[in-house]
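Participant: Encoded as structure tokens, here's the structure I'll be asking about.
Bear in mind these aren't lab numbers, they're just calculated from the coordinates by the rules spelled out. For clarity, every value in this text was computed on a predicted model and none was experimentally measured. Cβ sites come from the backbone with ideal geometry, for glycine too, and all protein chains shown count toward neighbours.
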Amino acid sequence: MTVEVVTHLESGELWTGSGHAATRPAQPPVSMIERMTLILDAFDGATPTLTLLGLAERTGLPRSTVHRILDQMIRLRWLAHTPGGYRLGMRTLELGGLAAGHNEIRDVVSPMLYDLCQRTGMVGHLGVLDGREVLYLDKAGGRCAATVPTRLGGRMPAHSTALGKALLASLEPSIVEVSFRDRIPQLTPRTICDRTELHRELMRIRHRQGVAVDNEESVPGIGCVAVPIRGRSVAVAALSLSGQIGGERTVLDTARLGRLLVEAADEAGRSLFPRHERSR
């Protein structure tokens with residue numbers, strides 16, 4: 001096989017022409033848009049997560065070029081960090097590119113979420129992680145839903161919510177560290193806004209098999225319990241139950257709610273990712 005080697009247009013880098021033959025242009029991409037498109041096209045259903053080396057091999061771009069572009073694409077939410085490397089980010093979802101996949105999660109999980117709300121009388125949420133934020137895919141709870149100031153399609157800082165902490169705890173600590181380099185905002189007096197304490201809290205969640213608790217950390221008077229929904233060894237979403245706490249109001253039975261949520265999350269994981277897929 002003949003490999004074409006062409007001097008790159010920037011800084012004397014080399015275009016090696018390796019990677020996906022079906023999607024790679026015949027000539028080295030000139031514009032940033034072309035390079036970004038080449039990187040996005042490297043992902044497919046069989047490989048939703050790619051390493052820096054894998055992206056360089058698939059695109060044929062020099063690793064230094066890929067690394068530089070990845071930093072910008074992560075900042076702009078085209079891509080996101082994941083334990084295995086990089087995956088498509090939430091901006092592609094918002095533009096419709098991944099809408100079908102998240103609709104599938106909502107279609108499968110929503111009936112379980114509504115059942116949990118009926119059994120507990122609490123407000124339920126389904127959410128996914130988008131960088132430092134949680135994006136809500138669904139909310140249930142009937143009349144009680146109005147007591148919790150969240151909305152379908154809305155966002156909350158991940159570090160202040162049980163949903164977000166359950167998902168952050170599923171990531172490698174180094175990825176969390178990168179995401180929270182800047183100042184961590186404090187929403188209430190109980191919000192964890194110290195990076196060291198956040199890492200301790202995430203470690204406690206890992207030791208509790210992923211069960212996370214929000215004790216008035218995002219909204220005064222509201223408590224929440226959440227667990228991740230796992231598939232293919234990663235957390236793809238999280239489920240939570242929220243209710244009013246504090247003062248003379250009820251204290252959440254976190255152990256019972258945790259068990260109910262774990263059962264629902266396990267069932268959701270089995271439905272979304274059959275055994276032969278979950279073991280890959």
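Participant: Taking the number of other C-beta atoms within 10 Å as the exposure measure, put VAL236, VAL262 in order starting with the fewest.
Facilitator: VAL262, VAL236
Participant: Could I ask something else about it? Taking amide H positions as placed in the peptide plane 1.01 Å from N, state which residues far from TYR86 in sequence (5 or more) or on other chains have amide H under 5 Å from it.
Facilitator: For TYR86, whose amide H was placed from the backbone, the distant partners under 5 Å are LEU50, THR51.
Participant: Shape of region 151-280 from its Cα gyration tensor (a ≥ b ≥ c, root eigenvalues): rounded if a/c is under 1.5, otherwise prolate when a/b > b/c, or oblate? Intermediate values should be presented prior to the final figure.
Facilitator: Working: a/c = 2.01, a/b = 1.26, b/c = 1.59.
Judged from the Cα gyration tensor, region 151-280 comes out oblate (a/c at least 1.5, b/c at or above a/b).
Participant: Now a separate question. Would any residue of region 199-228 have its amide N under 15 Å from a label point 7 Å out along Cα→Cβ of ARG143? List them or say none.
Facilitator: No residues fall inside that zone.
Participant: Ordered by residue, what ³J(HN,Hα) values in Hz, to whole numbers, does region 165-173 give under the Karplus form 6.51 cos²θ - 1.76 cosθ + 1.60, where θ = phi - 60° and Gly and Pro are x?
Facilitator: My calculation for region 165-173 gives 5, 4, 6, 4, 5, 7, 8, 5, x Hz in order.
Participant: Order of SER179, SER240 from fewest to most other C-beta atoms within 10 Å?
Facilitator: SER179, SER240
Participant: To make sure I understand, if each residue's beta carbon is the centre and we count other beta carbons within 10 Å, what order do LYS165, LYS139 fall in, fewest to most?
Facilitator: The most exposed by this proxy come first: LYS139, LYS165.
Participant: Please tell me the relative contact order of region 99-278 in percent, rounded to the nearest whole number, where contacts are Cα pairs under 8 Å and at least six residues apart.
Facilitator: 21
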